[in-house]
Every structure is written in C-alpha cells, then in structure tokens.
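Scroll down for the structure; my scribbles are underneath it.
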Amino acid sequence: MAIRFSNINIGKAELENVIDAMRRDWISGSGDYIDRFEAALTQATGAKYAIATANGTLALVLALQALGVGRGDHVIVPNLTFAAPAAAVRMVGAWPILCDVDPATWTIDPQKVRHLIRHDTTAIIAVDTLGHPADYDALRDVAAGLPIIQDAAEAHGAFYKGAPVGNQGDVAIMSFHANKTITTGEGGCLLTSDQALADRARLIANHGMSPDRRYWHEVVGSNYRMTNVTAAIGVAQMARWDELVEGRRQVAALYDEWIDNRFIRRPTAAWATPSTWMFALDAGELQSAVYEALKLYGVDARRIWRPLSEMPPYETARDFSESVKIADSVIMLPTWAGMRRGYIEVIAGIVNLVKGTVR
Ligand SMILES: *Cc1c(COP(=O)(O)O)cnc(C)c1O
C-alpha cells in the first residue's frame, strides 16, 4: 500500500519518556507515568477518576464487571460499531441486544433503545461513532435508571453540549490503539466520576487485591494494567492533545474542501462538536467503486464496519435498515495528524474521478 490507512505521530518527548521509565526500572503496572497519565486523562475529560488499562477492549470488560454485569444479563449495544463493545458483553457472560443507529448521528438511537429495554436489561453501551458523540440526555430519558457506558474510543477531543466527551455516561472508556487520535501503541482507560465504581474497577484491575493489605484478595480480579513504559508514551501524547486533535481536524477540512460536493458527508447534530477520528464519506451506491479505485492506486481506504447483526456471534434477524444503509455506503479515508496535503489531494482526486466517470 502506498498510502496507509493510519500513521502514528510519535515525537521526541515520547521517546525520551520511554527511555526514562526504562532507565529508572519502572517498567510494569505501577509508576509515576501511570499516575501522571491518569491525571491528564481526568483533566482532558472532566471525569473525576481514570484507570489506565492494557487496551480499550479490556476497559469495556472492566466497566461491565465494575457495574456487576454478568451471566444472564442483557446489554443494549449499537449495531453499527467496531465489534469490541459487543464482544466485551459476551466476554462477561452477558448477551448483547443490538440496537439500530440514528441516521442523523450514526450513533445508537435512543428511541429504539426504549423499545428494547426488558426486565433483564442491565446496562446500555453507547459508542461515540467516528468522533460523533451519542445523545446522552436522550439516552438518560429512556434508560429508566439503567447505567450507561460511554465508548469514547474514537472521540478524543469531541464535545457533547459543550463538555468534553468521557464524562457523559456512568462510566466511559477510551482506547489508545495505534490508529486512535491519542496513542500508546496498545492501551485504554476507564473513566468515571463515581468514586465507588472507580474503587471497584481498580480492585478488579489489580487482581482483586486489597489496596491496604498485600496478597489479600477481596474479590475475583484479574490484571488489566497498563505498563509504566506505555504510560510514558501516553504522558507525552496527552501534552499534545490539542495538536493531535487539531491535526486530524485539518485533514478532514481539506478532504471536505477537495472532495466533490455531490458526496454526502458525515451528519452532525446541532448539540455535538464531533472530532475527526477517520474522515468518513457517504459514497452511496459508489462505495465499492470508490473503494476499488483507491485500492488500485495503492490507497488503504476502508469500507465502514458491517452491522454486527450480520456476523456469526451476534446474528439477529430484526430490521436494522439504518445500520445497513450506512454500512452499504460509507467509506473511511486515510486520516492521521500531520498527513501530507499531497496525499489528501491525490485521494480526493481519485474519489472525484469515480464520481465523474459514473455520471
Ligand atoms: C478501537 C475501539 C475500541 C477498543 O480498541 P482496543 O484496540 O482494544 O484498544 C473499542 N471500541 C471502539 C468503538 C473502538 O473503535
């Protein structure tokens, strides 16, 4: 591939922090970089507590476990998303109940959530899809007190009604995978403003071991910790939060300017200030044509995820027409902070050519 889907943006401070952590022998799951990374995350999101984890998917598992979700429970999950939320539900022995998305935001549709809630529903997961926050006020209205888990893995730097994402649900998670806006290679975090929930999560993430009594295990736990070396990268990345968020926004602005206006853009709700994770284009019937043309020129663009309802572990026969429509038409274009203008121009040119040739 001549133009990759995503590239990391690692600076000098990231390298120096890693060397510093290694030199001082702080290389496992505790250390000052972890403390500083967690503090920076609470600052950036407004959540009171942050717990760094080995990746975002484990943070989702941890959130479910801290809420007490387990065998026999039902958790409502959007049908159009990267699969991690649905998989996390299955990993704790619960069952994901898929919900169609709202075409106005591509996020879980609160009115459809309302009709899916039953006596055994124990939580709702909302995903801030491709940087656009879900409608948390509307979700609260229909949730009847059920806890809401916010998956903000793709939404670093986005705002919901003027507040940074990461503090809208009862608990939120972020991912710092290599293709996410802020990255530590692999990594994630759990965010919450509920102290009891934060304590429970920290306990589970640390072997269930009492913070006051070594080798005394109060609950069944596991090891979900991020290493101090990884957090050292994270601390340097957090200092560049605005730069990295803005870098992707600039790429999106150029795509927006240079791509044929007959293509439909990602919708934005009036109450949302989305961030750009990957620039998404609604190519309609031309999705495959655009994808194939870009592939021919060595550009690693991606069709958006298929609806989970079509996949073997989550197969569901209900009507998911909005998810299907988006899955059939949207394509994600290469996006990263610091992407060369020339790349964006070439990609926009190929996309426009497809439109021009077909018309
Ligand atoms: C990337 C992502 C995750 C978690 O990813 P990890 O690779 O486990 O860090 C979870 N949910 C969504 C919506 C994602 O895009």
*Is there a residue in the range 2-18 that is assigned to a helix (DSSP H, G or I), of a type in the set (A, V, I, L, M) and open to solvent by 70 Å² or more (accessible area, probe 1.4 Å)?*
yes
Of the residues in the range 53-73 that are within 12 Å of the ligand (Cβ to nearest atom) and not in a helix (DSSP H, G or I), the one that is least open to solvent (accessible area, probe 1.4 Å) is Thr53
Of the residues in the range 218-230 that are open to solvent by less than 100 Å² (accessible area, probe 1.4 Å) and not in a helix (DSSP H, G or I), the one that is nearest to Ala158 (Cα to Cα) is Met226
Counting only helices (runs of 4 or more DSSP H) wholly inside the range 231-329, the ones holding at least 2 residues that are closer than 30 Å to Gly31 by Cβ and aliphatic (A, V, I, L, M) are 241-258
Filtering the range 23-39 down to residues that are more than 18 Å from Met209 (Cβ to Cβ), more than 16 Å from the ligand (Cβ to nearest atom), assigned to a helix (DSSP H, G or I) and touching a residue at least 24 places away in the same chain (Cβ under 8 Å) yields Asp32, Tyr33, Arg36, Glu38
Looking across the range 330-359 at residues that are part of a strand (DSSP E or B) and among the β-branched types (Val, Ile, Thr), the single one that is farthest from Leu294 (Cα to Cα) is Val330
Only unsatisfied item for Thr42, checking (1) surrounded by fewer than 24 Cβ atoms within 10 Å (Cβ to Cβ); (2) within 16 Å of the ligand (Cβ to nearest atom); (3) of a type in the set (S, T, N, Q), is (2)
Of (1) farther than 25 Å from Ala155 by Cα; (2) surrounded by 15 or more Cβ atoms within 10 Å (Cβ to Cβ); (3) touching a residue at least 60 places away in the same chain (Cβ under 8 Å), Gly298 fails just (2)
**Prompt:** Out of curiosity, is Ile27 modelled with pLDDT under 95 and touching a Ser or Thr at 6+ places or on another chain (Cβ under 9 Å)?
**Reply:** yes
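The values are calculated or read from the model by the stated rules, or taken from the named source; none is laboratory data. Remember, predicted model here, so these are calculated numbers, not experimental data. Because the Cβ atoms are built from the backbone with ideal geometry, glycine has one as well, and the counts that use them run over all protein chains shown. Protein only, heavy atoms only, side chains kept; ligands, DNA and RNA dropped before computing areas. Shrake-Rupley method; radii C 1.70, N 1.55, O 1.52, S 1.80 Å.
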